[in-house]
Amino acid sequence: MDRMLGVLDLEPGMRVLEIGAGTGWNAAVLADAGAEVVSVEIDAGIAELARANLARAGFADRVTVVTGDGERGAPGHGPFHRIIATAAAHTIPYAWVEQAAQGALIVAPYTGEHGGGALLVLTVADGTAAGESVDHEAWFMPMRGQRLQQDELRKIPRDGRRLRVRVTREGQEVTTA
């Protein structure tokens with residue numbers, strides 16, 4: 001998480017979409033840095049726990065926790081200057097690109113056919129997100145809708161190769177360097 005927050009390049013006043021609320025800790029760190037945070041959590045019980053924790057810690061006015069599928073982002077809450085996922089994806093949802101402001105960063109762990117544990121940093125410009133992996137120690141549980149079967153997981157290269165990713169309305173392209 002520390003590496004992810006570092007590459008997020010957050011500035012006070014930015015709107016941040018967090019995918020995966022968990023306990024609310026990461027959202028509190030983002031809010032404490034001056035961000036306005038919308039955190040999406042698919043599990044209603046976990047979302048409620050995050051809301052309660054954030055309220056107890058004094059962040060309820062700076063963090064909105066939405067119960068929903070993070071692959072859909074947070075429609076109606078953007079545009080976002082930064083998007084950070086705390087669950088691994090093998091396909092970056094285009095909804096995130098649509099909800100991102102021009103020049104926004106998307107920081108997400110990637111585990112897919114091209115590599116495992118990669119930390120992606122993508123920049124959004126003109127309806128496209130493009131960038132590359134900056135780390136290969138970002139092992140996270142997968143987003144619920146993007147779980148891979150055990151036989152698929154066994155085929156994933158774990159050699160730390162650099163990935164280049166481009167996400168458009170038509171889909172995602174991943175190449176290795």
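The values are calculated or read from the model by the stated rules, or taken from the named source; none is laboratory data. It should be emphasised that the depicted structure is a prediction, and the values quoted were computed from it without experimental measurement. With ideal geometry, Cβ positions are generated from the backbone for all residues, glycine too; neighbour counts draw on all protein chains shown. The area values use the complete protein model at the heavy-atom level, side chains included, leaving out ligands, DNA and RNA. Shrake-Rupley method; radii C 1.70, N 1.55, O 1.52, S 1.80 Å.
Computed with a 1.4 Å probe over protein heavy atoms only, the accessible surface of the stretch 1-74 comes to 46 Å² per residue.
With semi-axes defined as the square roots of five times the eigenvalues of the C-alpha gyration tensor, the equivalent ellipsoid of the stretch 1-105 measures 19, 16, 12 Å, largest first. What is the distance in Å between the Cα centres of the stretch 80-99 and the stretch 17-68? Taking the Cα centre of each part, the stretch 80-99 and the stretch 17-68 sit 17 Å apart.
Surface listing: E132, E170 arranged by accessible area from highest to lowest gives E170, E132, probe 1.4 Å. Other residues within the sphere of radius under 10 Å centred on the Cβ of A177, judged by their own Cβ, net out at +2 (K and R +1, D and E -1).
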